[in-house]
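Participant: Would you mind keeping the following structure in view while I ask a few things?
The values are calculated or read from the model by the stated rules, or taken from the named source; none is laboratory data. Remember, predicted model here, so these are calculated numbers, not experimental data. Cβ placement follows ideal geometry from the backbone for every residue including glycine, while neighbour counts extend to all protein chains displayed. Only protein heavy atoms, including side chains, enter the accessible area calculation; ligands, DNA and RNA are left aside. Shrake-Rupley method; radii C 1.70, N 1.55, O 1.52, S 1.80 Å.
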Amino acid sequence: MTVIAALKEQLSATAGWQTHLEGELEQEYMQRLAAFLDGEMAAGKAVYPQTADWLQALQSTPLDAVKVVILGQDPYHQPGQAHGLSFSVQPGVKVPPSLKNMYKELATDLQVSEPDHGFYSAGRSRGCCY
């Protein structure tokens, strides 16, 4: 399956996002990015997160429920880390340094206890899309 086909399939499973984003898949920048990723995957290179998780954030949070969007700038690059949510790793995966830094800031600024895991799923039900 091509990158564009995978994205279209995943976008169709989102609540409210498809109407607003499906046109982006036809834009030149997205076509170039998709062609690049298709080539990388065809060459056997690892692409993270796994294809099925690319739109995990959008599939997890309906558009009309979004109150805040958190964008990550430090992509995870080891197997098992990235799963489609910014700064989150699956249960059992070591907490990455970028997430540890966020936990420290939350503890310092808001006196929030530092969790012993990196699975950041609680916010999705409260309108946090990341």
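Participant: Only one of these is aliphatic (A, V, I, L, M), at pLDDT 90 or above and touching a Phe, Trp or Tyr at 6+ places or on another chain (Cβ under 6 Å): Leu63, Leu25. Name it.
Facilitator: Leu63
Participant: Quick check, is Phe119 on the phi > 0 side of the Ramachandran plot, surrounded by 13 or more Cβ atoms within 10 Å (Cβ to Cβ), modelled with pLDDT under 90 and in a loop (DSSP other than H, G, I, E, B)? Steps first, please.
Facilitator: Numbers: on the phi > 0 side of the Ramachandran plot: no; surrounded by 13 or more Cβ atoms within 10 Å (Cβ to Cβ): yes; modelled with pLDDT under 90: yes; in a loop (DSSP other than H, G, I, E, B): yes.
No, not satisfied.
Participant: Give me the residue from the range 1-18 that is part of a helix (DSSP H, G or I) and among the β-branched types (Val, Ile, Thr) and, out of that set, most open to solvent (accessible area, probe 1.4 Å).
Facilitator: Pass one, the range 1-18, residues part of a helix (DSSP H, G or I): 3-11, 17-18.
Within this subset, residues satisfying the condition of being among the β-branched types (Val, Ile, Thr) are 3-4.
Numbers: Val3: 5, Ile4: 26 Å².
Here the residue is Ile4.
Participant: Okay, next question. Please give the helices (runs of 4 or more DSSP H) falling wholly within the range 19-110 in which 1 or more residues are open to solvent by 90 Å² or more (accessible area, probe 1.4 Å), touching a residue at least 60 places away in the same chain (Cβ under 8 Å) and more than 17 Å from Thr2 (Cβ to Cβ). Talk me through it step by step, then tell me what you get.
Facilitator: Values: elements: 28-42, 56-60, 97-110.
The helices (runs of 4 or more DSSP H) meeting that bar number zero.
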